[in-house]
């Protein structure tokens, strides 16, 4: 009976633990899904703000650059197409349209560089500034949204949370990616290669060594070397003839030995030379 109750208590604890884990996992998935939806709403707000700025920008440009009607028509067409998808959830199709719209706006701003009067218009300058700020906020919101989508999709695909996700009918979220090569391209940084200054006052010990190519120059034909180093162009210094050493003079042969001058000359009054 005691063993039965122990097993029963363990089973109850396992069931309670599994239920608690399932509730916690389900609530976590709900919070992550809501975070994905909230982050997308922030992107959607900025996209709609861009839709509102584009007509004013087009009207301002049209008054100065009448010859750019083709570019203006592309911008208006893509703007209307993207605005028609604004009510739906993020999708690859909408991301593609937004990508084309971004490219069309960029092309329009590049084109108007040829119209100095338009660039001096205060309304155009203000619209351009607002549009640039909106594009920056769209890019930041897109990164935040994609990060939340990555965490959410990873969670619902991981075991054992995937069981809870299947039970709760949680679906994968869609990324809002940009495939524009100009947006994805990293900035190119080039450093001007400055040639190194040649060394001054550096002498090479080996005469036949080429510093430019780093190889040994061909040696002129010569007799078979007999000493180490002659194969590389060294010339042995001529040996000096031995000098006959002169033996030191003995004390008896030294000039003036034994004839030391007394400290006082003999003419000094009162001086008496010592008697030998």
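Each value in this text was obtained by applying a stated rule to the coordinates, not by laboratory testing. Remember, it's a predicted structure, so these values are computed and weren't measured experimentally. Cβ sites come from the backbone with ideal geometry, for glycine too, and all protein chains shown count toward neighbours.
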Sequence of 10, 118, 47 once ranked by neighbouring C-beta atoms within 10 Å, starting from the fewest: 10, 118, 47
Cα shape, region 2-60, gyration tensor, a/c 1.5 rule: prolate
Ellipsoid semi-axes in whole angstrom, largest first, where each is sqrt(5λ) of the Cα gyration tensor of region 11-184: 46, 13, 12
FRET E, pair residue 172, residue 117, Förster distance 45 Å, beta-carbon r, rounded to 0.05: 0.30
Globularity index of region 123-170, i.e. its alpha-carbon radius of gyration over 2.2 N^0.38 Å: 1.94
Ellipsoid semi-axes in whole angstrom, largest first, where each is sqrt(5λ) of the Cα gyration tensor of region 1-107: 59, 11, 8
Ranked list, fewest to most other Cβ atoms within 10 Å of each Cβ, for 145, 115: 115, 145
Least to most buried among 66, 169 (fewest other Cβ within 10 Å first): 169, 66
